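S.K.: Here it is, the structure in full.
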Amino acid sequence: MEEDFSPTPDYDKHGWFLKSVVEILFKSVVFATNRDKVVLWKHPEELLKVFDFSLRQTGVAQDKLLTLIKNTIKYSVKTGHPYFVNQLFSGLDPYGLVGQWITDALNASLYTYEVAPVFTLMESGVIREMCGMIGPDWKDGMFCPGGSNGNGIALNLARFRLNKNVKRTGMSQSPRLVLFTSEEAHYSIQKFASFIGIGEDNVILVQTDKVGRMKPASLEECIRNQIDFGATPFAVVATLGTTVRGAFDPLYQISTVCNKYGLWLHVDAAWGGGLIFSQKHRAKLNGIETANSIIINPHKLLAAPQQCSILFVKDENILHECHSKGAEYLFQKDKYYDQWYDPGDKYLQCGRKCDVFKFWLMWKAKGSSGFAKHVDSIMDVAEYFERQVLIRPEFQLVSKRQYINVCFWYLPRYLQKKKDVMDYSMQLHKVAAQIKAVMVKHGSIMLGYQPLKEFPNFFRFVSQNSSLSTRDVDFILDHIAEIGTGCLEELPAFNAITEKYSFPEICSNGRMFNLKNLD
């Protein structure tokens with residue numbers, strides 16, 4: 001076989017192969033049905049045996065590559081499946097997918113107008129449009145490789161605003177800087193505090209109320225305490241849509257505290273920010289305009305393909321001042337067009353994918369009203385899910401729903417009439433993990449669970465797929481109850497299940513074996 005090493009498509013060599021790949025994608029991913037499994041689960045040791053991960057000196061033929069592609073799809077999680085309700089992203093938007101295919105085929109890098117003329121202008125247009133939606137004082141922004149990265153950049157901007165010399169001299173002469181965020185905020189705040197040299201110990205976690213919102217009075221108390229300890233507060237990170245409970249921090253009160261002490265207010269709206277398109281639910285973002293910086297992830301609520309995150313700032317100069325280096329091999333001062341059109345120097349990245357196009361194409365296809373209908377539909381389904389949890393005796397809410405997140409327990413029969421299920425936390429903690437293991441092994445549903453504060457493990461329903469219906473909600477809850485009845489109520493004492501019996505296996509027809517047969 002002729003060696004195939006050049007990175008240039010040749011129709012005679014690659015045409016059949018590329019068409020075959022598209023056909024596989026259409027059949028197995030893009031137009032897969034609800035009847036397909038969300039995942040064909042294999043334990044890591046088993047997957048290492050059945051999948052050829054090896055790399056060798058010589059390449060393999062295209063038919064072998066097609067087999068590997070089919071197996072990659074076969075054993076991967078189908079995040080576009082309606083019953084993938086495991087993370088804060090889901091769905092498979094056709095326009096976003098096309099946008100991603102096009103930018104991957106063009107393989108552009110978005111740092112200068114010269115190499116990405118359409119995408120640089122498109123990016124500035126999308127940022128300008130969304131700044132106007134936030135408020136009249138908002139001037140600039142940047143696309144980020146995920147909300148975590150955007151949160152980290154915002155912390156760096158806050159530190160730069162406090163002391164611009166830190167860009168050159170670093171932290172050696174700085175006082176001990178501290179920042180404040182909710183105890184239910186995203187873990188990226190602590191990670192990036194460590195990364196930029198602030199330190200995890202200098203992230204002060206502020207108490208939340210019974211539904212997960214930061215308490216403004218506790219925030220001010222924490223700030224005063226740190227000042228008394230000789231620290232220098234410089235930033236507060238509030239959250240609009242916390243990861244677990246979907247709580248929205250009270251921004252007006254928090255911004256009042258920030259103004260009083262001269263602190264940068266960053267708002268992590270990665271999860272909740274998409275509500276900006278909804279007239280019906282936009283009020284949940286009230287106060288967002290009072291911030292100094294905001295992160296919004298269209299790849300979450302708005303279902304753009306991974307990844308698509310945007311950091312917005314009020315100060316139109318701070319991104320350039322904090323990040324620019326002026327590398328002359330990219331940002332020459334004597335270019336044949338206005339240097340203003342080159343956005344790359346305000347970014348920390350150099351080479352960068354054109355994440356804007358998929359989002360722009362979705363927006364162009366649907367309009368702002370299409371995004372609004374998408375958001376409102378998802379919120380309606382979440383409301384229905386919560387109502388069903390409230391009326392079904394085998395389920396119980398962890399706390400009142402604030403957003404799309406519905407946090408709930410499945411209660412084995414012997415717990416359903418207990419006055420306070422928290423008295424049985426150790427037993428309850430084991431339930432969600434057992435039920436999820438069955439669902440994943442069956443491939444029927446992927447639904448997240450976690451503990452939080454004093455609460456034992458509970459399920460968290462989230463979906464960004466506006467094709468999900470009330471009928472699907474009924475199926476999910478019925479399926480959990482069916483598994484719970486089959487797994488957890490065959491024996492008189494729940495502890496005996498986890499101590500004496502293994503997880504139930506699934507028969508080929510989808511029915512569970514009786515736990516008593518698995519001793």
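S.K.: Return the percentage of antiparallel bridges among DSSP beta bridges fully within the chain, rounded to the nearest 5 %. Could the numbers behind the result be given before it?
M.R.: On the way: 22 of 41 bridges.
So the antiparallel bridges amount to about 55 percent of the total.
S.K.: Next up: DSSP loop (so not H, G, I, E, B), at most 13 other Cβ within 10 Å: list which trypsin sites (Lys or Arg not before Pro) in the stretch 150-189 pass both filters.
M.R.: Values: sites: 159, 161, 164, 167, 168, 176; in loops: 164, 176.
Passing both the DSSP loop test and the Cβ count: 164.
S.K.: While we're here: So how strong a dipole does the stretch 1-126 carry about its Cα centre when Lys and Arg Cβ are +1 and Asp and Glu Cβ are -1, to the nearest 20 debye? Each step should come with its number before you reach the end.
M.R.: Details: 12 positive and 15 negative charges, 146 e Å.
Dipole of the stretch 1-126, to the nearest 20 debye: 700 debye.
S.K.: For the stretch 215-305, with the dipole built from +1 on Lys and Arg beta-carbon atoms and -1 on Asp and Glu ones, taken about the Cα centre, which of 278, 219, 288 lies farthest toward the positive end?
M.R.: Checking the options against the dipole of the stretch 215-305, the answer is 278.
S.K.: Whenever you get a sec, compute what percent of the accessible area on the stretch 224-318 sits on carbon and sulfur atoms (1.4 Å probe).
M.R.: 45 percent
S.K.: List the lysines whose Cα sits under 19 Å from the Cα of residue 139, skipping any in the same chain fewer than 8 residues away.
M.R.: Qualifying lysines at Cα under 19 Å: 314, 346.
S.K.: Which loop GluC sites (Glu not before Pro) in the stretch 155-233, with loop taken from DSSP, have no more than 13 other Cβ atoms within 10 angstrom of their Cβ? Walk me through the intermediate numbers first.
M.R.: Working: sites: 183, 184, 200, 220, 221; in loops: 183, 184.
In loop regions of the stretch 155-233 (DSSP not H, G, I, E or B), there are no sparsely surrounded GluC sites (Glu not before Pro).
S.K.: Here's a follow-up. Report the local net charge at residue 151: Lys and Arg +1, Asp and Glu -1, summed over other residues whose C-beta lies under 10 Å from its C-beta. Walk me through the numbers on the way to the answer.
M.R.: Working: positive: 191; negative: 268.
My count for the surroundings of residue 151 gives 0.
S.K.: Then there is this: Can you work out the PRE-style zone for residue 329? Point 7 Å along Cα to Cβ, and I want the residues of the stretch 350-393 with backbone N under 20 Å.
M.R.: Flagged as within label range: 350-353.
S.K.: Working out 0.36 nm times the residue gap between residue 260 and residue 55, then minus their Cα-Cα distance, what length gain in nm do you get to one decimal?
M.R.: On the way: separation 205, 0.36 × 205 = 73.80 nm, distance 5.94 nm.
Once the chain is fully extended between residue 260 and residue 55, it gains 67.9 nm.
S.K.: Same structure again: Between the DSSP loop rule and a limit of at most 16 other Cβ atoms within 10 Å, which GluC sites (Glu not before Pro) in the stretch 297-399 are left?
M.R.: 316, 328
S.K.: Moving to a separate point now. Can you spot the lysines whose alpha carbon is less than 22 Å from residue 191's alpha carbon? Ignore those fewer than 8 places along the same chain.
M.R.: Excluding near neighbours in sequence, the set is 167, 300, 453.
S.K.: State, to one decimal in nm, how far the label point of residue 433 lies from the label point of residue 282, with both points 7 Å from Cα in the Cβ direction.
M.R.: The answer from the label model is 4.6 nm.
S.K.: From Cα pairs below 8 angstrom and at least 6 apart in sequence, can you work out the relative contact order of the chain, rounded to a whole percent?
M.R.: Working: 861 pairs, mean separation 91.5, N = 519.
Relative contact order of the chain: 18 percent.
S.K.: If you take the square roots of the eigenvalues of the alpha-carbon gyration tensor of the chain and sort them as a ≥ b ≥ c, do you get rounded (a/c under 1.5), prolate (a/b over b/c) or oblate?
M.R.: oblate
S.K.: Hey, how many Å between the Cα centroid of the stretch 13-31 and the Cα centroid of the stretch 155-184?
M.R.: Here the answer is 49 Å between Cα centres.
S.K.: Which net charge results for the neighbourhood of residue 461, defined as the other residues with beta-carbon distances under 10 angstrom from its beta-carbon, given Lys and Arg at +1 and Asp and Glu at -1? Please report the intermediate quantities before stating the final value.
M.R.: Numbers: positive: 401, 460; negative: 386.
Charge balance in the 10 Å sphere: +1.
S.K.: So with the 1.4 Å probe, I'd like the accessible area per residue for the chain, rounded to whole Å². Don't skip to the end; give the middle numbers.
M.R.: Details: 25460 Å² over 519 residues.
Per-residue value: 49 Å².
S.K.: Compute the distance in nm between two label points, each set 7 Å from the Cα along the Cα-to-Cβ direction, one at residue 69 and one at residue 470.
M.R.: With each label point 7 Å from Cα toward Cβ, the separation is 4.3 nm.
S.K.: Would you work out which of 91, 432, 264 lies farthest towards the positive end of the dipole of the chain, given +1 charges on the beta-carbon of Lys and Arg and -1 on that of Asp and Glu, about the Cα centre?
M.R.: The residue sitting farthest along the positive end of the dipole is 432.
S.K.: Find the Cα radius of gyration of the stretch 30-154, compare it with 2.2 N^0.38 Å by division, and give the number to two decimals.
M.R.: Details: Rg = 20.1 Å, N = 125, 2.2 N^0.38 = 13.8 Å.
Ratio of Cα Rg to 2.2 N^0.38 Å: 1.46.
S.K.: Determine the relative contact order of the stretch 218-339: mean sequence separation of Cα pairs under 8 Å and six or more apart, normalised by residue count, in whole percent. Could you put the intermediate results ahead of the total?
M.R.: Working: 163 pairs, mean separation 22.3, N = 122.
Across the stretch 218-339, relative contact order equals 18 percent.
S.K.: Let me ask something additional. How big is the stretch 78-143 by Rg and Dmax over its Cα atoms, in Å?
M.R.: Final numbers for Rg and Dmax: 15.6, 43 Å.
The values are calculated or read from the model by the stated rules, or taken from the named source; none is laboratory data. Because the structure is a prediction, the values reported are computed rather than measured. In this analysis, Cβ positions are derived from the backbone assuming ideal geometry, glycine residues included, and neighbour counts consider all displayed protein chains. Heavy atoms of the whole protein, side chains included, go into the accessibility calculation; ligands, DNA and RNA do not. Shrake-Rupley method; radii C 1.70, N 1.55, O 1.52, S 1.80 Å.
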